[in-house]
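The values are calculated or read from the model by the stated rules, or taken from the named source; none is laboratory data. Source: prediction; values computed, not measured. Here the Cβ positions follow ideal geometry from the backbone for every residue, glycine too, while neighbour counts run over all protein chains shown.
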Amino acid sequence: MRPSGRSLDEMRPVEITTDVTKHAEGSCIIKCGDTHVLCTASIEKRVPPWLKNTGLGWVTAEYGMLPRATTTRNRREAAAGKQSGRTQEIQRLIGRSLRAGIDRVALGERQITVDCDVLQADGGTRCASITGGWVALRLAVNKLLATGEIKEDPLVNHVAAVSCGIYGGQPVLDLDYPEDSEAGTDANFVMTGTKGLIEIQGSAEGATFSREEFNQLMDLAEKGVSELVSAQEKATS
């Protein structure tokens, strides 16, 4: 029995609310159960120096967690004077994932920065950031298309992510914090809307897991991502 009472292949309720900030070209709040993330996309008419005069655009991401996103207050990383290794790793993952769904030639020489700020954490914050980050990116690109700044849609596929794991000896979909903290195996799956794999981050926390169990996790991830893509489509239609 899962702590939440969900079935093994049941996602937490997903809610995506768009246009939640005034200034960002694209914005949303994604709620995956009790994990809530604010995602904004900002367009700049510049690219990193190594991309100047290449005709290629760039999508990057930044990630942060508010001090009381968790049960006890965490010190702001700005106050510590540097980002943690975890933060750097997550924001690089978000950026890599979102770039996998975009045609950088069609985007042209401009950069879109997707900021993901965790308002409340209950497991799966990086997956929620990727899924919500795509929605913010979609909305920002829509504005470029509407104004005629770009002629061709550079978003070639949906990008979404979900966690799966072995909890209580059983493969489960969409781990919340109580499950994540005790899972024997924990994995994050980043996929396109057409089930193309972008990245898998998986590790055994206790006992090893078998190829058969991995295949079960993969099947669960495909189901979860399909549901997340449907939520993205509903939010951006």
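A few remarks follow.
- Among the residues of this structure, V37 does not count as one that is at pLDDT 95 or above, in a loop (DSSP other than H, G, I, E, B) and buried (at least 19 other Cβ atoms within 10 Å of the Cβ).
- Residues of region 94-137 classified as touching a Cys at 6+ places or on another chain (Cβ under 9 Å), within 12 Å of G64 (Cα to Cα) and of a type in the set (G, A, S), total: 1
- Here I112, I130 are screened, and the one residue that is closer than 23 Å to V20 by Cα, in a strand (DSSP E or B) and β-branched (V, I, T) is I112.
- Residue, surrounded by the most Cβ atoms within 10 Å (Cβ to Cβ), within region 197-215, restricted to residues that are touching a residue at least 60 places away in the same chain (Cβ under 8 Å) and of a type outside the set (S, T, N, Q): I198
- Residue satisfying all of: in region 1-27; touching a residue at least 24 places away in the same chain (Cβ under 8 Å) and among the small types (G, A, S); farthest from A146 (Cα to Cα) among these: S4
- Within region 56-70, residues that are in contact (Cβ under 8 Å) with a residue 60 or more places away in the chain and aliphatic (A, V, I, L, M) reach partners that are surrounded by fewer than 17 Cβ atoms within 10 Å (Cβ to Cβ) and part of a loop (DSSP other than H, G, I, E, B) with beta carbons closer than 7 Å, at six or more positions or on different chains, in the pairs M65/N74.
- Residue pairs meeting the criteria (Cβ under 8 Å; at least 6 apart or on separate chains; first under 10 Å from V114 (Cα atoms), in region 36-47; second charged (D, E, K, R) and part of a loop (DSSP other than H, G, I, E, B)): A41/E25; S42/E25; I43/E25; I43/R110
- Within region 138-200, strands (runs of 3 or more DSSP E) holding 3 or more residues that are touching a helix residue (DSSP H, G or I) at 6+ places or on another chain (Cβ under 6 Å), of a type in the set (G, A, S) and farther than 24 Å from E44 by Cβ: 159-167
- Elements of type helices (runs of 4 or more DSSP H) contained in region 51-109, each with 2 or more residues being within 22 Å of the chain's Cα centre (by Cα) and basic (K, R): 85-99
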